[in-house]
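Worksheet: the structure to be examined is printed underneath.
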Amino acid sequence: EKEKTFEKFDKKLSTKLAAAANAKSWSDLLPMIKDIFSLLTVNFDYDFNLINDKLLLGKRLAQVLNPECPSGLHDVTLDVYEILLRNITSKHKNKLMNNLHIYCYGLFPFFPNANIANKQKFLDKIVKGIFYNLNDVELKLCLPGLLSSLIPGLDDNNEETTKNIYSAFDELASKDEHNFFGVYWMLLLRCKHLRNSGIKYLLEKVIKYNDIKSQDESTQIVTIIKYFPNINTTVVNALREIIKENDIPIVRNGMDFILTRLPLSKDNNMVSDEAKINLIDSALNLFVKNDYSTIRRLKSWILGLENQDDEVDYDSDDMKYKMGLVITAFKNIFKSEKNLDKEVIKNNISIFERFLDSDEEFVNKILSSTAFPALESVVNY
């Protein structure tokens, strides 16, 4: 008897979905979505994972979340998503994994384009109501999509939205911080459009180097593992991409992070020498961007200045260590030029030329080690 009534429900749902193919405008879709919501609500006791036309259902829901549709239609559609996902996750362990491709390919791209009210509804009903309650396996699977959906919301410059996204990130991170920040850094590395808003959260959340240094050794290890998973590869490469951006505010935020979290000092064992040199390699390009604020940050990072008025001991072991890193970075730049075109070589010469004007005493101490490769580069050009 129960199977017959489920078939009846499933047939009704299929009929409503088929009718949507004849929709001429969004106003034709609104009654369909409302009817589907009512149908799902009345039949919540059934297992929605068994719906025959769930692929079509996922497509129709994605269709009405199109940014061109009105926010009122989006509002009702979020209710449908919420009841669908709540049913699936409450009746099955790990079943959402089998349905992510059906429902989330419409749901995740929606958030960046939603209005403020629907963003809040998304956070309350979908993120807090559904994703907070997923088990570890399911959460790991959907975390990249969910974070890439939420991060752009930080660009809205809406205090309430930012606060709620930060709260969502904190809650998601609390379930597995190492995995959360690993996914987060990987997204910043791979997704150009996430870097501007993404680095803002890290500046707020990630503990500064001086605070890490004040912790006992065991706590330091936990902190580094938590915030900087794969620090010498994923983290450093993501930061290199951020400071290569043409958008100066993004570059400034990237340099602020590097300056306060990844100093070049000899006692910073969080980062390998090779990774530091790679970071210097990318940072040196800031000299040709001609932005005073980023160059000032770069100089402070290289010289280890917390304040612009601080005195520098150029003969200290720590400064000699930093000079060695900078020398190696320049040698690597010039060494890699053999197969590059003239514009790249010209750019590298400009970097070196402007670096020579940056700090007289520092330059004098490294010039003997960098002059010959630089001159060779000029000859090649």
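Defining a contact as two alpha carbons under 8 Å apart and six or more residues distant in sequence, what relative contact order in percent does the range 1-154 show?
About 23 percent, as a whole number.
So for H74, H178, H92, H193, what's the accessible-area order with a 1.4 Å probe, most first?
H193, H178, H92, H74
Taking all pairs of different Cα atoms in the range 183-245, averaging 1/r and flipping that mean, what Kirkwood radius in angstroms comes out?
Mean inverse Cα-Cα distance, inverted, gives 12.4 Å.
Count the lysine pairs in the range 95-143 whose Cα atoms sit under 22 Å apart, keeping only pairs 8 or more residues apart in sequence or on different chains.
6
Of the heavy-atom accessible surface of the range 120-215 (probe 1.4 angstrom), what whole percent is carbon and sulfur?
Heavy-atom surface of the range 120-215 belonging to carbon and sulfur, 1.4 Å probe: 46 percent.
Counting only protein heavy atoms and using a 1.4 Å probe, what share of the accessible area of the range 237-356 belongs to carbon plus sulfur, as a whole percent?
Of all accessible area on the range 237-356, carbon and sulfur atoms account for 42 percent.
Would you work out the Kirkwood radius for the range 129-169? I mean one over the mean of 1/r across all pairs of different Cα atoms, in Å.
Mean inverse Cα-Cα distance, inverted, gives 11.0 Å.
For K24, go through the lysines and keep the ones whose alpha-carbon is under 24 Å away, minus same-chain ones fewer than eight residues off.
Within reach: K11, K12, K16, K34, K54, K59.
Return one number: the angle in degrees, 0 to 90 and rounded to the nearest 10, between the long axis of the Cα atoms of helix 2-19 and the longest principal axis of the Cα atoms of the chain.
In the chain, helix 2-19 runs at an angle near 70 degrees to the longest axis.
Let me have the relative contact order for the chain, percent, based on Cα pairs under 8 Å that are six or more residues apart.
Value for the chain: 10 percent.
Each residue of the range 270-281 in order: what ³J(HN,Hα) in whole Hz does its phi give by Karplus 6.51 cos²θ - 1.76 cosθ + 1.60, θ = phi - 60°, with x for Gly and Pro?
So the Karplus estimates, Gly and Pro as x, are 5, 10, 6, 4, 4, 5, 4, 5, 4, 5, 4, 3 Hz.
Compare D216, D10 by solvent-accessible area with a 1.4 Å probe and give them largest first, with all protein chains kept in place.
Sorted descending by solvent-accessible area, the residues read D216, D10.
Under 1.5 on a/c is rounded, so check that first for the range 156-280, then, if it is not, pick prolate when a/b is larger than b/c and oblate when it is not; a ≥ b ≥ c are the square roots of the alpha carbon gyration tensor eigenvalues.
Oblate shape, in that a/c is at least 1.5 and b/c is the bigger or equal ratio.
Write down the accessible area per residue of the chain in Å², having rolled a 1.4 Å probe over the full set of protein chains.
Here the residues of the chain average 49 Å² of exposed surface.
Relative contact order of the range 105-217: what whole-number percent is it, with Cα pairs under 8 angstrom and at least 6 residues apart?
28 percent
Among [x] -0.34, -0.45, -0.55, -1.11; [y] -0.24, -0.33, -0.43, -1.16; [z] -0.23, -0.31, -0.41, -1.31, find the value of log10 I(q)/I(0) by the Debye sum over Cα atoms at q = 0.06, 0.07, 0.08, 0.14 Å⁻¹ that was calculated from the structure presented, and write down its label.
Computing log10 I(q)/I(0) by the Debye sum over Cα atoms at q = 0.06, 0.07, 0.08, 0.14 Å⁻¹ and matching it to [x] -0.34, -0.45, -0.55, -1.11; [y] -0.24, -0.33, -0.43, -1.16; [z] -0.23, -0.31, -0.41, -1.31 gives [x].
Taking only the alpha-carbon positions of the range 54-198 and ignoring solvent, what does the Debye formula give for the base-10 log of I(q)/I(0) at q = 0.10, 0.14 Å⁻¹?
-0.31, -0.63
Under a straight-distance cross-link criterion of Cα-Cα below 19 Å, which aspartates and glutamates are reachable from K192, leaving out those fewer than 8 residues away in the same chain?
Of all the aspartates and glutamates, those that pass the test against K192 - Cα under 19 Å, at least 8 places apart if same chain - are D155, D156, E241, E245, D247, D256.
Residue-wise, which Karplus ³J(HN,Hα) couplings in Hz belong to the range 107-115, taking 6.51 cos²θ - 1.76 cosθ + 1.60, θ = phi - 60°, and x for glycine or proline?
6, 5, x, 5, 4, x, 9, 6, 6
What lysines sit close enough to K320 to cross-link, taking a C-alpha to C-alpha distance under 25 Å and skipping anything fewer than 8 places away on the same chain?
List returned: K208, K213, K266, K276, K299, K331, K335, K365.
Please report the spacing between the Cα centers of the range 110-146 and the range 67-108 in Å, no decimals.
10 Å
The values are calculated or read from the model by the stated rules, or taken from the named source; none is laboratory data. Since this is a predicted model, take the numbers as computed values, not measurements. What goes into the accessible areas is simple: the full protein's heavy atoms, side chains included, and nothing from ligands, DNA or RNA. Shrake-Rupley method; radii C 1.70, N 1.55, O 1.52, S 1.80 Å.
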